[in-house]
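A.B. asks: Below you'll find the structure I mean.
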Amino acid sequence: MKRRPVSKSHAFLIELTIVLLFFSLCAAIALGLFVNAHNADERARLTTIALMDLQSIAETAKATEDLPAMRTYVASLVDGDDYSLRADLKEESRTAGTMAILTLSAAEPEGEGLLEIKVQKYFAGGLQ
């Protein structure tokens, strides 16, 4: 039997196909890494914005002069542009006054929590 030699062009096409598959695989992996990096960047940006907003709210709440003013302020809070805000005001009555504990939390639109800040302020005097 006589064997025909394999043409050099067939070997070149096979080699080129393997190289293209390898680079396609590398490109798919790199694209996945870029998407994950973008998602992490977006979450970090959102967390930073929410943190600055929550700190501002916490400082304003801490600066209120009396408990009714704090209640009014907490009731007036609205969600941020990119996150949802939750504010829980808990009041603990003491003999000499009231301890107000404000828990501020921010969550992504999908519902996953970003961060939480607790603010405590003591209002001296009787029950308000």
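A.B. asks: If you go through the range 70-81 one residue at a time, how many are among the small types (Gly, Ala, Ser) and either surrounded by 13 or more Cβ atoms within 10 Å (Cβ to Cβ) or in contact (Cβ under 8 Å) with a residue 60 or more places away in the chain (or both)?
C.D. replies: Going through the range 70-81 one residue at a time, the tally reaches 1.
A.B. asks: Is there a residue in the range 30-52 that is within 20 Å of the chain's Cα centre (by Cα), over 21 Å from Glu112 (Cβ atoms) and surrounded by 11 or more Cβ atoms within 10 Å (Cβ to Cβ)?
C.D. replies: no
A.B. asks: Also, quick follow-up: Can you find, within the range 54-69, the residue that is surrounded by the fewest Cβ atoms within 10 Å (Cβ to Cβ) among those that are in a helix (DSSP H, G or I) and of a type in the set (S, T, N, Q)?
C.D. replies: My answer is Ser56.
A.B. asks: Return the pair list, or none, for Cβ contacts closer than 7 Å from residues in the range 111-128 that are surrounded by 15 or more Cβ atoms within 10 Å (Cβ to Cβ) to residues that are modelled with pLDDT under 85, at least 6 apart or on different chains.
C.D. replies: Close Cβ pairs satisfying both conditions: none exist.
The values are calculated or read from the model by the stated rules, or taken from the named source; none is laboratory data. Bear in mind that the values here come from a model prediction, so they are computed numbers and not experimental data. Cβ sites come from the backbone with ideal geometry, for glycine too, and all protein chains shown count toward neighbours.
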